[in-house]
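The values are calculated or read from the model by the stated rules, or taken from the named source; none is laboratory data. As the structure is a computational prediction, the values presented were derived from the model and not from experiment. Using ideal geometry, Cβ is built from the backbone for each residue, glycine included, and neighbour counts are taken over all protein chains shown. Quick note on the areas: whole protein, heavy atoms, side chains included, nothing else; ligands and nucleic acids left out. Shrake-Rupley method; radii C 1.70, N 1.55, O 1.52, S 1.80 Å.
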Amino acid sequence: MTRHDHTHSTERFPGHREVYGPTKQAAHVLANDARQAALAMADTTYGTNLVTEVEEQDGPRWLPDYLYSAANRYVTVMKVYVDVY
């Protein structure tokens, strides 16, 4: 976290997002829909906070779930920057 002044700060939220679907193809479609929704958050205000930037770090990519072999999973890693007021 980097503080710019006493009224707000810039927060960075890195992390991965997983999506599951009934088939590998359905999971892929859902992963791309979720990716587009996340990228569209840039320059959007939520309450008093502003999403300033969304950076795609990796994905979406197929990542089998080794605990549940029937699970169809894709993973995307994004970094989201938020000005918190």
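Below are the figures for this structure:
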| quantity | calculated |
| --- | --- |
| Single residue of Thr10, Thr23, Thr76, Thr48 found to be under 18 Å from the mean Cα position of the chain (by Cα) and either on the phi > 0 side of the Ramachandran plot or at pLDDT 90 or above (or both) | Thr76 |
| Top-ranked residue of segment 52-85 - restricted to ones that are closer than 19 Å to Val29 by Cβ and small (Gly, Ala, Ser), ranked as most open to solvent (accessible area, probe 1.4 Å) | Ala70 |
